[in-house]
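Enquirer: Here's a structure for you.
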Amino acid sequence: MRLPGAGLAKGLAVTMRTMTKRSVTDQYPDVKPELPPRSRGVIALLEENCTVCMLCARECPDWCIYIDSHKETIPAPEGGRERQRNVLDRFAIDFSLCMYCGICIEACPFDALFWSPEFEYAEFDIRNMTHEKERLGQWMSTVPPPPAVDGRAERPKELDAARKAMEKAAAPAAPPAAPVEAAE
Amino acid sequence: MTEPGGELGARLSATSTAEAAYGQVTYDVAPADWVATLTRARDDLGFTFFDWLTAVDHEADGMDVVVHLWCLDRREHLLLRTRLPTAGLSLATATGVFAGASWHERETFEMFGIDFTGHPHLVPLLLPDGFEGHPLRKDFVLAARVAKAWPGAKEPGESDAGHTAPARRASRPPGVPDPAVWGPHPPATGAEPAPAPEPDGRPEVEP
Amino acid sequence: MVTERIVGMGAGADLVDDGGRIATQDMVLNIGPQHPSTHGVLRLRITLDGERIVDAEPIVGYMHRGAEKLFEVRDYRQIIVLANRHDWLSAFANELGVVLAAERMLGMDVPVRAVWARTLLAELNRVLNHLMFLGSYPIELGAITPIFYAFRERETLQAVMEEISGGRMHYMFNRVGGLKEDLPAGWLGRARRAVTDVRSRLPDLDRLVMGNEIFLARTKGVGIISPEMVAAYGVSGPIARASGVDFDLRRDEPYLAYGELPVTVVTRTDGDCLSRFQCLFEQLQVSLDLADACLDRLGSLPPGPINTRLPKVLKVPEGATYAWTENPLGINGYYLVSKGDKTPWRLKLRSASFNNIQVLGELLPGALIADMVAILGSMFFVVGDIDK
């Protein structure tokens with residue numbers, strides 16, 4: 001025969017024991033959380049790498065990337081022809097539409113977009129959630145290096161290609177020192 | 001790929017055909033045999049677990065109503081399909097066989113406009129009151145794809161007003177209707193083809 | 001005196017009927033769509049005769065977002081991020097069905113490391129989901145303490161999920177042909193520690209709730225679902241198994257690596273609220289064991305890729321297929337019809353909560369209004385999963 005209230009007492013004993021232990025609460029915002037490098041907080045733009053290829057804007061499922069650009073003619077160098085290049089005028093991401101899928105970052109062929117774990121950019125008005133290239137560029141300083149991957153991961157093809165090229169170029173081949181990084 | 005339904009098909013319905021693809025068999029029956037086949041599947045063949053019922057719009061070729069049942073004892077699938085002609089989007093209700101078909105039929109009714117005759121409470125399930133149109137029909141235009149211009153339509157280096165990038169126009173992203181047949185037309189261009197008239201006032205847009 | 005009685009019976013009650021008894025009139029009560037006990041915007045229209053429910057109609061759709069229509073204008077990579085959202089507590093499991101359907105139609109073999117990593121993440125996702133309900137269900141019965149314990153465990157696991165995928169809820173980590181990227185170095189050890197930590201603290205949760213007399217009194221024998229109802233309505237997951245329906249896709253139609261794992265299917269026979277809660281709790285321990293088995297295997301597999309190189313434009317061949325998975329809340333399936341384009345012609349979403357909540361219309365009549373919240377909470381649903 002069970003004592004009446006034995007179950008209740010057992011539960012209260014758990015509470016009592018927990019009371020003697022250290023609290024697990026994070027003291028945010030006094031103590032900032034330590035977020036892993038892959039954390040999808042905000043998208044940062046490295047403007048120098050952007051060639052205005054439009055791939056990110058076209059791959060975005062939410063249509064939330066706005067890009068404007070114009071063509072600029074580079075005067076012909078001595079004995080050459082004059083060339084045209086695209087100049088980025090506007091690059092904006094509307095974070096009120098963004099679903100944080102990261103497809104734009106995967107699609108970018110020139111490594112101009114990166115994830116940053118930074119998350120403190122709340123606004124009081126939804127219309128202020130569209131961030132222009134200046135703001136996106138500021139987040140570049142918060143982009144962490146990608147973490148090393150598991151030892152059983154496949155070696156990225158780029159590494160092997162790079163080593164071959166190096167061996168070809170220099171007869172006394174130096175061993176490649178690059179760390180194993182995530183294969184995209 | 002369509003062939004007579006084999007042993008299981010013959011027990012389901014005398015007129016059924018079967019189509020095997022990707023390791024699964026789909027049995028096709030005539031709309032008139034729908035409820036009788038479902039009853040046989042449940043009572044004689046042990047497909048007692050009702051998974052789901054839905055429809056697929058094949059535009060001019062009509063609409064498929066598909067149901068998936070499962071036999072808990074033998075661990076077997078039954079994918080059953082019937083084709084309704086565009087002129088007669090109506091099918092007898094399966095709620096008498098599987099009580100759980102009720103919501104699935106209500107959903108299919110509001111999304112595709114298929115009438116399930118004999119359903120005890122055939123009213124919209126998920127859509128708000130007064131919603132017009134059947135959103136999962138192929139001719140229903142998704143508002144999110146027409147409410148604003150596609151940012152990807154611009155060509156690199158050609159954002160200024162002078163450029164209109166006609167090459168990109170041809171490849172619209174999925175879901176964006178052809179501007180020649182959908183959307184506002186300036187009155188001056190009366191020679192352009194008017195929006196194709198639709199049987200019940202379509203195309204529509206989500207409110 | 002008479003006036004007081006009328007108030008007690010509900011407004012508008014006729015005083016006395018022909019037989020001299022106090023006559024009553026049915027009262028219609030709306031629970032929700034904004035109600036603390038319905039977590040989300042589920043609305044119940046309940047007809048009451050005194051304290052007893054005579055009719056109940058779940059009114060759904062307040063959170064309908066047209067996921068199926070949106071799928072049709074997205075390619076298979078874009079669908080993944082949308083498909084993981086309808087049941088926001090089972091994001092990884094939701095993604096799985098989409099990629100499994102596409103891979104089957106493409107005839108694609110997924111690298112073995114990806115298969116085991118997917119199985120591991122699916123089980124961790126199940127633990128996260130169950131912890132949420134193990135914490136929230138007692139709240140609905142008046143016990144607010146367990147959720148703090150449940151959230152401590154969730155945080156432990158979310159840390160490893162975030163480290164590998166970058167997301168805490170919407171992982172977006174599956175891709176057709178594998179996973180987005182490889183595991184971070186040392187992650188297997190940290191995942192192992194998280195699983196061990198959670199397992200070591202489960203007895204706390206057990207002692208807090210499972211023997212609690214009030215909890216037992218509120219849930220035992222309440223809201224009984226029969227196996228026949230389970231089959232007719234397509235109820236699945238822990239709710240079906242609590243009614244004695246021994247059905248678990250991980251064992252009955254193994255996908256991923258489940259065929260090589262000893263999946264224990266947790267069942268009960270009573271079919272009441274308590275059985276459902278017990279199923280959930282025991283499944284948690286089974287999932288932690290499965291996660292350990294996956295970790296063992298991942299640590300011993302030969303080096304190899306974790307994804308497949310895909311063409312620039314991925315087109316799924318013509319045809320139709322149905323892929324279903326055992327999600328934490330029940331069966332989640334995708335009926336994919338392709339006409340050979342980069343977007344699906346039709347992608348029907350069969351979600352667990354949709355079928356599970358429909359049964360309320362038959363389950364609630366006959367119950368007391370005071371038990372309504374106990375029954376509703378024990379159906380372990382997510383409103384986004386009903387409304388799609």
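Enquirer: As an exercise: evaluate B:R11 against (1) of a type in the set (K, R); (2) part of a strand (DSSP E or B); (3) modelled with pLDDT under 90 and give the number of the one condition it does not meet.
Expert: The failed condition is (2).
Enquirer: Let me ask something else. Looking at C:L295, is it touching a residue at least 40 places away in the same chain (Cβ under 8 Å), among the hydrophobic types (A, V, I, L, M, F, W, C), more than 14 Å from chain B (Cβ to nearest Cβ) and touching a Lys or Arg at 6+ places or on another chain (Cβ under 8 Å)?
Expert: Here the answer is yes, as C:L295 does meet what is asked.
Enquirer: If you don't mind, there's one more thing I want to ask. For the range C:27-111, please list each of the helices (runs of 4 or more DSSP H) lying entirely inside it that holds at least 3 residues being over 18 Å from C:S351 (Cα atoms).
Expert: C:76-83, C:91-106
Enquirer: All but one of (1) touching a Leu at 6+ places or on another chain (Cβ under 6 Å); (2) in contact (Cβ under 8 Å) with a residue 24 or more places away in the chain; (3) not hydrophobic (A, V, I, L, M, F, W, C) hold for A:E47, so report the exception by its number.
Expert: Unmet condition: (1).
Enquirer: Something else: Show the residue pairs meeting these rules: Cβ distance below 7 Å; 6+ apart or different chains; first residue within the range C:304-329 and more than 9 Å from every other protein chain (Cβ to nearest Cβ) and more than 21 Å from C:E181 (Cβ to Cβ); second residue part of a strand (DSSP E or B) and among the aromatic types (F, W, Y).
Expert: The qualifying pairs are C:A323/C:Y334.
Enquirer: Still on this structure: If the requirement is being aromatic (F, W, Y) and more than 30 Å from B:K138 (Cβ to Cβ), which of these qualifies: C:Y137, C:Y76?
Expert: Just one listed residue meets the conditions, C:Y137.
Enquirer: Could you please let me know if A:F91 is in contact (Cβ under 8 Å) with a residue 40 or more places away in the chain and in contact with a Lys or Arg (Cβ under 6 Å, 6 or more places away or on another chain)?
Expert: yes
Enquirer: For B:A94, state whether it is within 27 Å of C:L360 (Cα to Cα), more than 9 Å from every other protein chain (Cβ to nearest Cβ) and in contact (Cβ under 8 Å) with a residue 12 or more places away in the chain.
Expert: Answer is yes for this residue.
Enquirer: Here is a follow-up. Within the range A:1-43, can you find the residues that are facing chain C (nearest Cβ under 10 Å) and touching a residue at least 40 places away in the same chain (Cβ under 8 Å)?
Expert: A:L35, A:P36, A:P37, A:R38, A:S39, A:R40, A:G41
Enquirer: Might you let me know whether the range A:123-133 holds any residue that is touching a Lys or Arg at 6+ places or on another chain (Cβ under 6 Å) and surrounded by fewer than 17 Cβ atoms within 10 Å (Cβ to Cβ)?
Expert: Checked against the condition, which is being touching a Lys or Arg at 6+ places or on another chain (Cβ under 6 Å) and surrounded by fewer than 17 Cβ atoms within 10 Å (Cβ to Cβ), the range A:123-133 yields no hits at all.
Enquirer: It is to be established whether one or more residues within the range B:50-67 are in contact with a strand residue (DSSP E or B) (Cβ under 7 Å, 6 or more places away or on another chain) and more than 19 Å from B:F109 (Cα to Cα).
Expert: no
Enquirer: Turning to a different aspect of this structure: Any chance the range C:113-131 includes a residue that's of a type in the set (G, A, S) and closer than 24 Å to C:M379 by Cα?
Expert: Within the range C:113-131 (the criterion being of a type in the set (G, A, S) and closer than 24 Å to C:M379 by Cα), the answer is yes, since at least one residue qualifies.
Enquirer: Take B:A149 and tell me if it is within 26 Å of A:D62 (Cβ to Cβ), modelled with pLDDT of 80 or more, of a type in the set (A, V, I, L, M, F, W, C) and in a loop (DSSP other than H, G, I, E, B).
Expert: Yes: the conditions hold for B:A149.
Enquirer: Please find, within the range C:131-166, the residue that is modelled with the lowest pLDDT out of those that are more than 12 Å from chain A (Cβ to nearest Cβ) and in a loop (DSSP other than H, G, I, E, B).
Expert: By that ranking, first place goes to C:G142.
Enquirer: For C:G244, only one of the following conditions fails: (1) more than 17 Å from C:A231 (Cβ to Cβ); (2) touching a residue at least 12 places away in the same chain (Cβ under 8 Å). What is its number?
Expert: Only one criterion is unmet by C:G244, namely (1).
Enquirer: Moving on to the next point. Take the residues of the range C:358-371 that are in contact with a helix residue (DSSP H, G or I) (Cβ under 8 Å, 6 or more places away or on another chain) and more than 9 Å from every other protein chain (Cβ to nearest Cβ): which is nearest to C:I59 (Cα to Cα)?
Expert: C:L360
Enquirer: Okay, moving on. Condition test on C:N332, is it in contact with a Gly (Cβ under 9 Å, 6 or more places away or on another chain), assigned to a helix (DSSP H, G or I) and touching a residue at least 12 places away in the same chain (Cβ under 8 Å)?
Expert: Spelling it out, it is not the case that C:N332 is in contact with a Gly (Cβ under 9 Å, 6 or more places away or on another chain), assigned to a helix (DSSP H, G or I) and touching a residue at least 12 places away in the same chain (Cβ under 8 Å).
Enquirer: How many residues, within the range C:342-352, are part of a loop (DSSP other than H, G, I, E, B) and facing another protein chain (nearest Cβ under 8 Å)?
Expert: Number of matching residues: 3.
Enquirer: Here are the criteria: (1) buried (at least 22 other Cβ atoms within 10 Å of the Cβ); (2) in a loop (DSSP other than H, G, I, E, B); (3) assigned by TED's automatic domain parsing to the domain that holds B:D44. Tell me which single one B:M111 does not satisfy.
Expert: Going through (1) buried (at least 22 other Cβ atoms within 10 Å of the Cβ); (2) in a loop (DSSP other than H, G, I, E, B); (3) assigned by TED's automatic domain parsing to the domain that holds B:D44 one by one, B:M111 breaks only (2).
Enquirer: Can you list the strands (runs of 3 or more DSSP E) found entirely within the range A:1-109 that contain at least 1 residues being surrounded by fewer than 16 Cβ atoms within 10 Å (Cβ to Cβ)?
Expert: Output list reads A:65-74, A:83-94.
Enquirer: When you scan the range B:45-58, do you find a residue that is facing chain C (nearest Cβ under 10 Å), within 16 Å of B:I114 (Cα to Cα) and not in a strand (DSSP E or B), even just one?
Expert: Scanning the range B:45-58, I find at least one residue that is facing chain C (nearest Cβ under 10 Å), within 16 Å of B:I114 (Cα to Cα) and not in a strand (DSSP E or B), so the answer is yes.
Enquirer: With (1) within 14 Å of chain B (Cβ to nearest Cβ); (2) surrounded by 22 or more Cβ atoms within 10 Å (Cβ to Cβ); (3) within 20 Å of C:V382 (Cβ to Cβ) as the list, and C:R77 as the residue in question, which single condition is left unmet?
Expert: (3)
Enquirer: Which of the residues belonging to the range A:139-156 are more than 9 Å from chain C (Cβ to nearest Cβ), in contact (Cβ under 8 Å) with a residue 12 or more places away in the chain and surrounded by fewer than 17 Cβ atoms within 10 Å (Cβ to Cβ)?
Expert: Within the range A:139-156, A:M140, A:T142, A:P144, A:P145 qualify.
The values are calculated or read from the model by the stated rules, or taken from the named source; none is laboratory data. Because the structure is predicted, anything quoted here is derived from the model rather than measured. Neighbour counts run over all protein chains shown; Cβ positions are idealised from the backbone, glycine included.
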